[in-house]
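Note sheet for the following structure.
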Amino acid sequence: MNTLAHGFADGDGPGPWILLFPLMWALVVGGAVFLLRRAGWRGRAAWRQGPVGFGERSPIAVLGRRFAAGEIDEDEYWRRLSVLDEQFGRHAKGGAL
């Protein structure tokens, strides 16, 4: 730190190019994260889809489709939904909603 503080006054310091090193490291780290995400590092992309069990194939979505198709009646829908909501819903342990 002494070299940075007094080097500019003497004229033989590191020069303003020293400020490019933090920018270079930010680009390296950002590039690595970008490449890892593009290469499939994200796995199931849980941070984007929410907790496991959500999405088009979740049990709650399947139940909704069965109710909409008329396979189950309203009472059975609400009864099953209350059970599934405890496990996959907003109040589940590990649910991020």
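Taken together, the values in this text are just the output of simple stated rules run on the coordinates, not laboratory data. If you're wondering where the values come from, they're calculated on a predicted model, not measured in any experiment. Please note: Cβ atoms are built from the backbone with ideal geometry, for glycine as well, and neighbour counts cover all protein chains shown.
Below is a table of values for the structure above.
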item	result
Additional length obtainable on full extension of the chain from residue 37 to residue 24, 0.36 nm per residue less Cα span	2.7 nm
Net charge of Cβ neighbours under 13 Å - reference residue 64; Lys, Arg +1; Asp, Glu -1	-1
